[in-house]
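The values are calculated or read from the model by the stated rules, or taken from the named source; none is laboratory data. All of these numbers come straight from a predicted model, not from anything done at the bench. With ideal geometry, Cβ positions are generated from the backbone for all residues, glycine too; neighbour counts draw on all protein chains shown.
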């Protein structure tokens, strides 16, 4: 027996030191790190196809579908509702039956006759029971057991028993309403997690749309910059031709060359902006391609617009229906109200009614351990009440007071969020209306600048204008075209932002948000 006990103690004290992967245990020296990075980059280049640049046609809706299917951040967020869903059966499990079983054997020696002799008692016992808590506040059990023992050289004594009982809470902890609160709260938490995912999907759809139109803006800006370089080259060549015939000062060539260099620098910036905006969209879409960072998107949807009539009051009402943040705080307030019910019940004293019934059979033969278990002459029962009440009950009162304050806080949070959302919706509505009014105005500016440039070039050819005047009007024309393009894109983006503030953007794009939240939960 001592060997067994020693082995159990040693096993409980043993432990294993955890290990870490080699790549995170320590950092290599910088020189070694550069060498590793270079080799990995070279290996990746060898695995790339010969034609690294891939053109991929892309529409706005296609970008949204691709993002919802492959975005890595969304893949992470989808775990939230799945994790929250596991807490519902966890709370229901408190009402599952529990099986308990024990088997033991032992020996005890007690000194007798001034320690010259010893009384030895040997015993063996086994018992099992099933216990269950019910939503009504009752705890029920069914138990049975068997034992045998003897002292010294006497005969073995056998005993068997069975019993059943119930303990029902009458005040504190009584009733299914209070005992099912944790289950309802877990279900509400699952819905809150689903609302969080819906909000993330709504924001992700907005990010994709904004990234799409920002890339469209960058690509269209690049076209305008190329056009501006072409204008500068034409003006420089015109200056050279007029200088050769002696009708223009050679200084004009210097001015034209400087303007061309400036516009070429703007073109470099526009090229870099297209690459940067492409990377932003690639990160959101995570397209399935061996060399995804070398993809060039061919934007299908042009920045065409249809002016939409915006009604701020209607948009605000839609936000009150569809914004997932409002659903979250409203569910949180429901949980706070449930906590008030729980803590109010905790103010009551504990008064439980209990009852048990069973039988016991005993004798000096093994058959005696069960012979009388079905004999009603050996019935045992117990009935009673138990009462418990902390004097002062300060802890329960403090918990109930805190629950009431937190519920008031949740109500204030709802009112605050409703105001913030309505203000946000109305600001976006104003922005949509502003951009809608800017589009025709910027279009007229472009037409005016084009006509000014035509007239100024005609005047320059006959010597009535200077090279600087022509270049200035060219810059004005380029800026007007950029302003007109930007106004169109900003209108589209502001309309998307308005729909996002309503909580209807995903629905307007044909995205079933609830289905998106469940697609990975198999």
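Numbers at a glance
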| item | result |
| --- | --- |
| Candidates 122, 172, filtered to the one that is in a loop (DSSP other than H, G, I, E, B), in contact with a strand residue (DSSP E or B) (Cβ under 6 Å, 6 or more places away or on another chain) and surrounded by 14 or more Cβ atoms within 10 Å (Cβ to Cβ) | 172 |
| Residue in region 288-298 that is within 14 Å of residue 60 (Cα to Cα), touching a residue at least 12 places away in the same chain (Cβ under 8 Å) and in a loop (DSSP other than H, G, I, E, B) present | no |
| Hey, residue 348 touching a residue at least 12 places away in the same chain (Cβ under 8 Å) and either under 34 Å from the mean Cα position of the chain (by Cα) or under 30 Å from residue 149 (Cα atoms) (or both) or not | no |
| From 463, 404, residue being surrounded by fewer than 17 Cβ atoms within 10 Å (Cβ to Cβ) and more than 30 Å from residue 320 (Cβ to Cβ) | 463 |
| Flag if residue 160 is crowded, with 17+ Cβ neighbours inside 10 Å and either farther than 30 Å from residue 513 by Cβ or touching a helix residue (DSSP H, G or I) at 6+ places or on another chain (Cβ under 8 Å) (or both) | yes |
| Selection status of residue 246, in a helix (DSSP H, G or I), farther than 25 Å from residue 213 by Cβ and out of contact with any helix residue (DSSP H, G or I) (no Cβ under 7 Å at 6 or more places or on another chain) | no |
| Only one of 432, 470 that is assigned to a helix (DSSP H, G or I), touching a helix residue (DSSP H, G or I) at 6+ places or on another chain (Cβ under 6 Å) and under 24 Å from residue 308 (Cα atoms) | 432 |
| Single unsatisfied condition, residue 234 versus (1) buried (at least 20 other Cβ atoms within 10 Å of the Cβ); (2) in a helix (DSSP H, G or I); (3) modelled with pLDDT under 95 | (1) |
| Evaluation of residue 300 against (1) closer than 17 Å to residue 66 by Cβ; (2) at pLDDT 90 or above; (3) surrounded by 15 or more Cβ atoms within 10 Å (Cβ to Cβ) (one fails), failing number | (3) |
| Unmet requirement for residue 277, which otherwise passes all of (1) under 27 Å from the mean Cα position of the chain (by Cα); (2) in a helix (DSSP H, G or I); (3) over 25 Å from residue 478 (Cβ atoms) | (3) |
| Qualifying residue in region 344-351 (condition: over 30 Å from residue 192 (Cβ atoms) and not in a strand (DSSP E or B)) | yes |
| Which listed residue is surrounded by 15 or more Cβ atoms within 10 Å (Cβ to Cβ), in contact with a helix residue (DSSP H, G or I) (Cβ under 8 Å, 6 or more places away or on another chain), modelled with pLDDT of 90 or more and more than 30 Å from residue 476 (Cβ to Cβ), from 220, 198, 214 | 198 |
| Residue list for region 415-450, restricted to those being surrounded by fewer than 16 Cβ atoms within 10 Å (Cβ to Cβ) and within 30 Å of residue 342 (Cα to Cα) | 415, 416 |
| From the options 449, 481, residue that is in contact with a helix residue (DSSP H, G or I) (Cβ under 6 Å, 6 or more places away or on another chain) and touching a residue at least 40 places away in the same chain (Cβ under 8 Å) | 481 |
| Selection status of residue 101, modelled with pLDDT of 90 or more and surrounded by fewer than 11 Cβ atoms within 10 Å (Cβ to Cβ) | yes |
| Meets criteria (at pLDDT 90 or above and surrounded by fewer than 17 Cβ atoms within 10 Å (Cβ to Cβ)) for residue 128 | yes |
| Test: residue in region 197-218 that is in contact with a strand residue (DSSP E or B) (Cβ under 6 Å, 6 or more places away or on another chain) and in a helix (DSSP H, G or I) | yes |
